[in-house]
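In what follows, a structure is listed as structure tokens, so that the remarks can point back to it.
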Amino acid sequence: MSVKDKNYFQALYDVARVINASLEMATVLDEIVKSVVQTLGVKASSIRLLDSRKKALIMGAASGLSKGYIRKGPVIVKESGLDKKALKGETIWIKNAPIDPDFQYGAVAKAEGIKSVIVVPVKAEKKVIGVLRVYSDKIREFRSEEIQFLEAVANLSALALDNARLHQALKTNYDLLVAYKYRLDDN
């Protein structure tokens with residue numbers, strides 16, 4: 001096993017530890033994107049989640065992107081060929097995002113210094129619920145080990161999101177049950 005392979009293993013271990021350490025979705029997603037940036041030595045990473053109407057991808061967490069880039073506007077699925085493909089379950093690589101017609105905000109990407117982008121679907125069970133994006137500041141092809149790492153991180157991200165959602169639902173149900181019990185006790 002090479003040193004680089006060990007780094008992927010350690011990074012996956014660290015992501016799994018973060019997921020087990022917190023049920024706060026924002027905290028977990030922030031740590032995941034930071035780990036991706038650090039492990040791959042890339043400019044930035046983000047996780048975007050599909051909105052309830054399945055028309056836009058909403059920012060869940062980002063690392064390495066400027067506030068201006070994050071606030072550039074919504075990622076509309078029908079206007080982003082890249083995300084349409086990723087939401088079908090495909091891992092998509094774009095060699096030069098600023099000039100690629102499938103990339104929705106090419107001019108903004110150029111101003112941000114983004115060149116290559118890889119997008120990995122985040123799947124809960126068999127349903128795609130979002131995307132993990134990785135941004136490079138130079139033209140870059142991603143090796144098969146890097147793609148496997150990103151796909152594993154995307155799968156762990158889906159587990160983290162599901163855990164956080166279930167925790168929140170359980171907490172809400174508990175709060176409702178306690179309120180109901182107090183109401184019964186008052187009568």
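Coordinate-derived values only; no laboratory data. Here the structure is a predicted model, which means the values were calculated and not measured. In this analysis, Cβ positions are derived from the backbone assuming ideal geometry, glycine residues included, and neighbour counts consider all displayed protein chains.
Observations on the structure shown:
- Only Cα pairs under 8 Å and 6+ residues apart enter the sum, and on that basis the relative contact order of the chain stands at 20 percent.
- Over the chain, the hull volume per residue, using the convex hull of the C-alpha atoms, is 133 Å³.
- Between region 82-150 and region 29-80, the C-alpha centres lie 10 angstrom from each other.
- Note, ³J(HN,Hα) from phi for region 19-30, Karplus 6.51, -1.76, 1.60, rounded to Hz, x at Gly and Pro: 4, 6, 8, 8, 10, 8, 4, 4, 4, 5, 5, 4
- Zone of N20's modelled label, taken as backbone nitrogen in region 143-162 under 16 Å from a point 7 Å along Cα→Cβ: 156-157, 159-160
- Full extension of the chain between R53 and N155 gives 34.5 nm of extra length, using 0.36 nm per residue less the Cα-Cα distance.
- For K85, a cut-off of 21 angstrom between C-alpha atoms picks up these lysines, skipping any fewer than 8 places away in its own chain: K54, K55, K95, K115, K123, K126, K127.
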